Amino acid sequence: MKSIAALQAVVTATPFDGEPSNAELDAIETEMPLILADVVLLDAQIMTIDRTPTELDQRRIRRATRQVLAARRDLANTETPGAVA
């Protein structure tokens, strides 16, 4: 049986070790408030999938939506390192 492994040299310059770089971890940390707000909104929406939303559900979704918008606003208003002011 023939091997189907690549016969050419590796194309990428640096090997991928499977771990995020420090810059990627910093970006995740910066976006974490938005990620968490999105999770809260998704949870609120999931709770109402199979039933008619009550007034409390609607308030919960509106509150979560406002949190997502505020987190997006805050993220957009933060200065990025290396940006020219």
Rounded to whole Å and sorted largest first, what semi-axes of the equivalent ellipsoid does the C-alpha gyration tensor of the range 17-74 yield via the square root of 5 times each eigenvalue? 30, 14, 5
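May I ask you to derive the FRET efficiency for residue 45 and residue 17 from their Cβ-Cβ distance with R0 = 41 Å, giving the value to the nearest 0.05? Could you put the intermediate results ahead of the total?
Numbers: r = 37 Å, r/R0 = 0.89.
Efficiency computed from Cβ-Cβ geometry: 0.65.
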With a Förster distance of 25 angstrom and the Cβ-Cβ distance between residue 52 and residue 27, calculated FRET efficiency to the nearest 0.05 equals 0.05
For the range 62-71, take each phi angle, set θ = phi - 60°, evaluate the Karplus expression 6.51 cos²θ - 1.76 cosθ + 1.60, and give the result in whole Hz per residue in order, putting x for glycine and proline. 4, 4, 5, 5, 5, 5, 5, 5, 5, 5
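The numbers here are math on the coordinates, done by the rules we state, and not lab data. Given the structure is predicted, the values throughout are model-derived calculations rather than measurements. Methodologically, a virtual Cβ is constructed for each residue, glycine included, from the backbone with ideal geometry; neighbour enumeration extends over all protein chains shown.
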